[in-house]
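*Asks:* Okay, here's the structure, questions in a sec.
The values are calculated or read from the model by the stated rules, or taken from the named source; none is laboratory data. Source: prediction; values computed, not measured. Here the Cβ positions follow ideal geometry from the backbone for every residue, glycine too, while neighbour counts run over all protein chains shown.
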């Protein structure tokens, strides 16, 4: 590289193109399958090889970058050379490890986040007048619901209601604690449905969830919970009200 010429060496430019395309494709990976990304990267590598080998002069510059005697070029070139010699093997090693390392695959069975329940069941759940209209929810009731949630639910569902409580890592998909901040959870449900979920819990096939029953069902006062009837019906409604208020969602009508 001549004095005053600040253009990057050919190997550096080739690596930056390769890395740039890879990371751009990674950003849109939810849209592009991983196998297609590998095909694209193959085209990019082939294009770089063709570009470098298109002339003897380019091949000489490419090889001289790695084979030049130490001390015969600017320090910036030496830094780039050793950087590439370190980064490329590490990158390739990580790619192999990432491909071969064991990963957890979701169960084969279809997971239904909100299983269907008969209208006769939801119809039997009467929402108290003080809980039926979100416009009438009082700060006192919501504050009481917050205390109940933090004492009983936050350990799994998290203080931020994001499903990342201290005990959440002990569960695997699809039984991970629900993220109430997600618009796909309580924002899609009616108040009777949420109460029903809280009443029956999730330790049954239709939910494939680890959440136990927290409320005694109205039609089965003798039913037991793992928590010795921790929530009364009113307390359950207050917890539900807090969930909606804290996340900014509204119950589905």
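*Asks:* Take the range 41-99 and flag every residue that is out of contact with any helix residue (DSSP H, G or I) (no Cβ under 9 Å at 6 or more places or on another chain) and in contact (Cβ under 8 Å) with a residue 24 or more places away in the chain.
*Replies:* Answer for the range 41-99, where residues must be out of contact with any helix residue (DSSP H, G or I) (no Cβ under 9 Å at 6 or more places or on another chain) and in contact (Cβ under 8 Å) with a residue 24 or more places away in the chain: just 74.
*Asks:* Suppose we filter the range 139-163 for residues that are surrounded by 15 or more Cβ atoms within 10 Å (Cβ to Cβ), in contact with a helix residue (DSSP H, G or I) (Cβ under 8 Å, 6 or more places away or on another chain) and not in a helix (DSSP H, G or I); how many remain?
*Replies:* Looking only at that region, the number is 4.
*Asks:* On the basis of being out of contact with any helix residue (DSSP H, G or I) (no Cβ under 8 Å at 6 or more places or on another chain) and either in a helix (DSSP H, G or I) or at pLDDT 75 or above (or both), does residue 105 make the cut? Break it down into steps so the answer makes sense when it comes.
*Replies:* Working: out of contact with any helix residue (DSSP H, G or I) (no Cβ under 8 Å at 6 or more places or on another chain): yes; either in a helix (DSSP H, G or I) or at pLDDT 75 or above (or both): no.
In short, no.
*Asks:* Check off (1) modelled with pLDDT of 85 or more; (2) under 37 Å from the mean Cα position of the chain (by Cα); (3) surrounded by 11 or more Cβ atoms within 10 Å (Cβ to Cβ) for residue 51 and give me the number that stays unchecked.
*Replies:* So the condition that residue 51 fails would be (2).
*Asks:* Further question: Do we have residue 8 as surrounded by 10 or more Cβ atoms within 10 Å (Cβ to Cβ), more than 36 Å from the chain's Cα centre (by Cα) and modelled with pLDDT under 85 here? Step through it out loud before you land on a result.
*Replies:* Values: surrounded by 10 or more Cβ atoms within 10 Å (Cβ to Cβ): yes; more than 36 Å from the chain's Cα centre (by Cα): yes; modelled with pLDDT under 85: yes.
When the stated conditions are applied, residue 8 passes them.
*Asks:* Got a sec? Which of 193, 229 is surrounded by 13 or more Cβ atoms within 10 Å (Cβ to Cβ) and modelled with pLDDT of 85 or more?
*Replies:* Details: 229 fails: modelled with pLDDT of 85 or more.
Just one listed residue meets the conditions, 193.
*Asks:* Shifting gears a bit: How many residues are outside any helix (DSSP H, G or I), within 22 Å of residue 250 (Cβ to Cβ) and modelled with pLDDT under 90 if we restrict to the range 117-138? It would help to see each step written out before you state the result.
*Replies:* First pass over the range 117-138, keeping only residues outside any helix (DSSP H, G or I): 117-118, 124-128, 133, 137-138.
Subset that is within 22 Å of residue 250 (Cβ to Cβ): 117, 125-128, 133, 137-138.
Remaining after also requiring modelled with pLDDT under 90: 117, 125-126.
Total satisfying the criteria: 3.
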